[in-house]
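Below is one structure; the comments refer to it alone.
The values are calculated or read from the model by the stated rules, or taken from the named source; none is laboratory data. If you're wondering where the values come from, they're calculated on a predicted model, not measured in any experiment. With ideal geometry, Cβ positions are generated from the backbone for all residues, glycine too; neighbour counts draw on all protein chains shown.
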Number of protein chains: 2
Amino acid sequence: MSILAIGLMSGTSVDGIDAVLVEIKGSQENIEVEIKDSIETKYTLEERKELLRVSTEETSDLQSISSMNFYLGKKYGEVVNNLLKKSGYTFLDIHFVSSHGHTIFHQPYKGSKTLDKANTLQIGDISAIADTTNIAVVGDFRTADMAAGGHGAPLTSYIDYLLFSNRDTSRVIQNIGGIGNVTYIPKNAKREQIVSFDTGPGNMVIDEVVFRVSDQKETYDKDGQYARKGKVNEDLMLFLNGHEYLQVKPPKTTGREVFGSHFVDQIFGKFGHLDANDLIATVSDWTAVTITDSYKKFLISKGNELDEVVIGGGGSYNPYLLERIAYHLPDVKVGIHEDYGISSDLKEAMGFALLGYQCLKGEYNQLPSATGAEHSVIMGKISYTQPEAFDRMIAVRRD
Amino acid sequence: MSILAIGLMSGTSVDGIDAVLVEIKGSQENIEVEIKDSIETKYTLEERKELLRVSTEETSDLQSISSMNFYLGKKYGEVVNNLLKKSGYTFLDIHFVSSHGHTIFHQPYKGSKTLDKANTLQIGDISAIADTTNIAVVGDFRTADMAAGGHGAPLTSYIDYLLFSNRDTSRVIQNIGGIGNVTYIPKNAKREQIVSFDTGPGNMVIDEVVFRVSDQKETYDKDGQYARKGKVNEDLMLFLNGHEYLQVKPPKTTGREVFGSHFVDQIFGKFGHLDANDLIATVSDWTAVTITDSYKKFLISKGNELDEVVIGGGGSYNPYLLERIAYHLPDVKVGIHEDYGISSDLKEAMGFALLGYQCLKGEYNQLPSATGAEHSVIMGKISYTQPEAFDRMIAVRRD
């Protein structure tokens, strides 16, 4: 029996909501997923403003948090209904919706007050989605991992495992967003063999350099055109390679506080006189090196095989970056998600559909090795508001 | 097959947590429930202070809301574990836990901002309870009703209906917790004839007045002793009777935001010079009046028969309050839950076990006639973090 589900993702960039309708077959080790349709819904300016306000400690308030939880739940429900209309399916065809919700707070460590706990808060009430759609909804995944002592992130490692584990091929799945993150999946992997960490910068340094040399007119190096016109400066490369994060052993995570504008200030302080395209070429090649050196230093040199690199995120649309990664890994096949029939843009929404599927089956859908949790958990909360939605949900279990 | 469940209730009075272990048999129309064991856990002063701080618009903040959601979830989990230890059962015996959570915000109407929605916010993360207990947890009931246009309250109406409906006697079941709530069950009632609404304050105003006049040394008027020593002040009574909530037609709900410390600030602002016992006597008698006037205005004057009042909640232990209610209703029999063989202290926790039971069976567990919802819904969210917890939960469905 095949299951039809809708996955919903609202990213921390507060751009909008990705919704994807998928067909899922099989279970944990042999899961198959096929995208049937999708829809992208931008947040309005007012919604974006309010979400940013509610997610900011200084401007947030109790009433708005509670109210936006319902507003978003209803909005996500309408997104589902719009996707159904577009696709020609009806709610009666759909077994469940799975929603990430929108993160308004995430603190993966205990604070200083005696009652503090590590915590995370996603809004977009799943019962409001269920009532708006007449479909059972799974959501609010991160809290279970965090209750088990995990960081509540990354959740995509498990998704990568479901999508890319292969009996004969050892793969890394490399996301290149603002930050670079890798999930290593050895051939014929068991869950506990999965390794995941942040490799370093993704597009963050490249984008900031482009932003500055273009007098704030451009925000990224489209198609790697500027990098391709420049040439790598060895002194700058030497300086960049000295960054201490590259020496830190995994598990490790990083962010804008390490590779943001402060770091780019240092680059311009010492190398601001260089040709703009040379600057872009160098930080681009260096970004590739941080990724490939991570594999060499922390995976391959430890005896881990590596056959294929599968790149996703915004960086997968920068051919220069891809070429440099391939150049630094001559014996490894380098491709992008789309080469495997998976849309990089929709992977997260699709991934949450899979997490919901596992939840409804009563199967673990998290990796303690990736999140740092003390034990495996089934993440997700479930809501259905109508007996018929309950009945369709039950079918997932019987599969 | 009989089901073992644990119900958890944390009331708006922020006293503590009631936990009750019950055996449940049968289904909706022929449900049987028997209490096996129970435990009462007081909040510490620090917990109470923090919960009140987090529930107050002016002092609440994003980090604390998110953190207390986890803190309470873990605390509720420990309460369950303590009850199990006391009872001699283990988590392997229990099919599910059902938790009300702690309400930190409740606004059953749309606010003035364009993105506002009616909303309610209960904390005490159910995945944190599930991880702490290794039992499946149902909770966060109110949001589904509110998403369907209801007031998210009262939820216990259908429990009252099951426990108290009678072929020959028309009854009101009056709960006096922080807030006062009534369920009217006419003789030989059908589900859709049940009427329920919040009458106004329960113990909330009395308790806060006692707290202030005792220099924060006492939290309630034990046995109504202070009220009995005082006398009702007519000016204050007139002021109190002017409260607009008393004129609002049912269905209606209210909470701490209406009858909490802000309101008591107003009382002290105008009448702080009165004798302490007179203050207590007046707010106590007024509380009785808000209850009895609700019956007169919204039930009896509409032609509804009323034979018996069955009082429950903390207020049922305040003989002064009971006397005043009886005084204002000379032709009606006034009793307490225990007169009917039902523990008032445990009724709510027991009630939430029944709501969870219905949720897991995929059956409606709400009355639109009581909450004002546009349609019937199944309330509740479900979380289980271990496959074995999932398996035990499934047994409820098969029953």
Q) Only one of (1) within 22 Å of the chain's Cα centre (by Cα); (2) on the phi < 0 side of the Ramachandran plot; (3) at pLDDT 95 or above is not met by B:G224, so which one is it? A) (2)
Q) On the given criteria, is B:D37 in contact with a Ser or Thr (Cβ under 9 Å, 6 or more places away or on another chain), under 26 Å from B:R256 (Cα atoms) and acidic (D, E)? A) no
Q) Of all the strands (runs of 3 or more DSSP E) wholly in the range B:1-84, which have at least 3 residues that are away from chain A (no Cβ under 11 Å) and among the small types (G, A, S)? A) B:3-10
Q) Of all residues in the range B:159-187 being at pLDDT 90 or above and among the β-branched types (V, I, T), which is farthest from B:E305 (Cα to Cα)? A) B:I179
Q | Search result, residues across the range A:263-288 that are closer than 15 Å to A:N318 by Cα and of a type outside the set (S, T, N, Q) | A | A:I280, A:A281, A:V283, A:D285, A:W286, A:A288
Q) How many residues does the range A:96-129 contain that are facing chain B (nearest Cβ under 7 Å), modelled with pLDDT of 95 or more and out of contact with any helix residue (DSSP H, G or I) (no Cβ under 6 Å at 6 or more places or on another chain)? A) 1
Q. Can you pull out the residues in the range A:194-238 that are crowded, with 16+ Cβ neighbours inside 10 Å and among the polar types (S, T, N, Q)?
A. A:S196, A:T199, A:N203, A:N233
**Q.** Odd one out for A:Y89, checked against (1) within 13 Å of chain B (Cβ to nearest Cβ); (2) of a type in the set (F, W, Y); (3) crowded, with 16+ Cβ neighbours inside 10 Å; (4) not in a helix (DSSP H, G or I)
**A.** (1)
Q.
Looking at the range B:178-229 only, could you name the residues that are polar (S, T, N, Q) and out of contact with any Gly (no Cβ under 7 Å at 6 or more places or on another chain)?
A. B:N181, B:T183, B:N188, B:Q193, B:S196, B:S214, B:Q216, B:T219, B:Q225
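Working carefully through the options B:S64, B:S112, B:S98, B:S60, find the one that is small (G, A, S) and either in contact with a strand residue (DSSP E or B) (Cβ under 6 Å, 6 or more places away or on another chain) or closer than 26 Å to B:K36 by Cα (or both).
Working: B:S64 fails: either in contact with a strand residue (DSSP E or B) (Cβ under 6 Å, 6 or more places away or on another chain) or closer than 26 Å to B:K36 by Cα (or both); B:S112 fails: either in contact with a strand residue (DSSP E or B) (Cβ under 6 Å, 6 or more places away or on another chain) or closer than 26 Å to B:K36 by Cα (or both); B:S60 fails: either in contact with a strand residue (DSSP E or B) (Cβ under 6 Å, 6 or more places away or on another chain) or closer than 26 Å to B:K36 by Cα (or both).
The unique qualifying residue is B:S98.
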Q: Please verify whether the range B:142-152 includes one or more residues that are closer than 20 Å to B:D345 by Cα, more than 11 Å from the chain's Cα centre (by Cα) and crowded, with 24+ Cβ neighbours inside 10 Å.
A: no
Q: Name every residue in the range B:155-176 that is in a loop (DSSP other than H, G, I, E, B) and in contact with a helix residue (DSSP H, G or I) (Cβ under 6 Å, 6 or more places away or on another chain), in order of residue number.
A: B:T156
Q) Can you pull out the helices (runs of 4 or more DSSP H) entirely within the range A:299-399 that have at least 2 residues that are within 14 Å of chain B (Cβ to nearest Cβ) and under 20 Å from A:D125 (Cα atoms)? A) A:347-361, A:387-398
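Report yes if some residue within the range B:277-289 is within 28 Å of B:E192 (Cα to Cα), in a helix (DSSP H, G or I) and either modelled with pLDDT of 95 or more or outside the structural domain of B:L367 (by TED's automatic domain parsing) (or both); otherwise report no. Give the derivation first.
Taking the range B:277-289 as the starting set, the residues that turn out to be within 28 Å of B:E192 (Cα to Cα) are B:288-289.
If we keep only those that are in a helix (DSSP H, G or I) as well, we get B:288-289.
Subsequent filtering for residues that are either modelled with pLDDT of 95 or more or outside the structural domain of B:L367 (by TED's automatic domain parsing) (or both) retains B:288-289.
Looking through the range B:277-289, at least one residue is within 28 Å of B:E192 (Cα to Cα), in a helix (DSSP H, G or I) and either modelled with pLDDT of 95 or more or outside the structural domain of B:L367 (by TED's automatic domain parsing) (or both).
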Q) Does B:T183 satisfy being assigned to a loop (DSSP other than H, G, I, E, B) and of a type in the set (S, T, Y)? A) no
